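The values are calculated or read from the model by the stated rules, or taken from the named source; none is laboratory data. Just so it is clear, the structure is predicted and the values come from calculations on it, not from any experiment. Cβ placement follows ideal geometry from the backbone for every residue including glycine, while neighbour counts extend to all protein chains displayed. Areas reflect the complete protein model, heavy atoms only, side chains present, ligands, DNA and RNA absent. Shrake-Rupley method; radii C 1.70, N 1.55, O 1.52, S 1.80 Å.
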Amino acid sequence: MIRIHHVPQSRSMRVLWLLEELGLPFELVTERFDKSLRREEYLARSPAGRVPALEIGGETMFESGAILEYLCELYPDRGLGRMRGDAERRDYLVWLHFAETMSHHGAALTQQHLMLREEHMRSPIIMQLEAARLGKCFAAIEARLALSGEHLLDGFSAVDIAVGQAVYIGRHFRSTEGLARLEAWYGRITARDAFRRALPEEGARLYTQDFYPAWEMPGV
């Protein structure tokens with residue numbers, strides 16, 4: 001039995017998407033994005049109180065990137081990973097973990113726009129810096145696709161899942177307008193049935209707006 005602890009529109013979405021792509025049976029446990037993630041029972045699964053937590057084979061894993069690597073190695077026949085000896089192994093690892101760089105910026109902006117309830121606690125400087133950093137990440141993806149073609153590697157892989165989910169979050173804070181290769185790639189991967197099954201139901205969304213613009217600097 002595989003059991004995933006998941007918060008809609010969080011980093012656990014990339015693990016849920018991968019499980020759907022792998023076609024594995026699993027149990028979905030939807031957690032709340034609040035202090036309940038600090039309960040003792042959950043901290044035993046994820047000591048930092050974050051999602052995802054994955055229960056598999058009688059053991060528990062946390063950290064989405066590690067889980068993606070592990071599942072791809074556990075089911076190599078599905079072709080979503082790049083195993084040792086594969087010519088794309090290096091690029092696979094680089095881009096799989098690049099998703100976490102992007103997610104850091106998305107998390108900072110989520111904190112600013114959603115979690116800090118009082119306006120005086122929010123920082124236009126942080127908003128603008130983090131949105132600009134997301135823009136640099138989007139440009140890096142655009143450049144990569146100019147070399148790799150339709151996907152970030154030769155064919156659809158867990159890299160497209162990890163980076164694609166980070167772009168899914170990032171687009172709430174930074175436009176991809178003008179990045180033709182990125183937008184075409186994003187359209188392809190988000191048209192997949194497995195991606196659509198990983199999306200939250202209407203009432204379960206963390207992001208209630210499609211886009212959250214960075215605040216203008218005072219006096220500018």
Report yes if some residue within the range 108-121 is free of Cβ contacts under 8 Å to residues at least 24 places away in the same chain, within 17 Å of Gly164 (Cα to Cα) and under 18 Å from the mean Cα position of the chain (by Cα); otherwise report no.
no
Given (1) aliphatic (A, V, I, L, M); (2) over 24 Å from Glu202 (Cα atoms); (3) outside any strand (DSSP E or B), Val15 misses just (2)
Might you check whether a residue that is open to solvent by less than 40 Å² (accessible area, probe 1.4 Å) and within 17 Å of the chain's Cα centre (by Cα) occurs anywhere in the range 38-45?
no
Given (1) open to solvent by less than 20 Å² (accessible area, probe 1.4 Å); (2) polar (S, T, N, Q); (3) under 24 Å from Arg78 (Cα atoms), index of the condition Thr176 fails:
(3)
Could you check, for the range 125-136, whether at least one of its residues is open to solvent by less than 40 Å² (accessible area, probe 1.4 Å), farther than 21 Å from Asp210 by Cα and in contact (Cβ under 8 Å) with a residue 12 or more places away in the chain?
no
In the range 1-12, residues that are outside any loop (DSSP other than H, G, I, E, B) and either among the hydroxyl-bearing types (Ser, Thr, Tyr) or exposed (fewer than 14 other Cβ atoms within 10 Å of the Cβ) (or both) total 1
Working only within the range 140-157, note down all residues that are small (Gly, Ala, Ser) and open to solvent by less than 50 Å² (accessible area, probe 1.4 Å).
Ala140, Ser148, Gly149, Gly155, Ser157
Inside the range 205-220, can you point out the residues that are loosely packed, with under 12 Cβ neighbours inside 10 Å and either at pLDDT below 90 or among the small types (Gly, Ala, Ser) (or both)?
Glu216, Met217, Pro218, Gly219, Val220
Go through the residues of the range 181-193 one by one and say whether even a single one is farther than 30 Å from Ile4 by Cα and surrounded by 14 or more Cβ atoms within 10 Å (Cβ to Cβ).
yes
Could you check how many residues of the range 72-96 are free of Cβ contacts under 8 Å to residues at least 60 places away in the same chain and either in a helix (DSSP H, G or I) or open to solvent by less than 30 Å² (accessible area, probe 1.4 Å) (or both)?
9
Which numbered condition Ile67 fails, given (1) open to solvent by less than 70 Å² (accessible area, probe 1.4 Å); (2) under 27 Å from Tyr207 (Cβ atoms); (3) part of a loop (DSSP other than H, G, I, E, B)
(3)
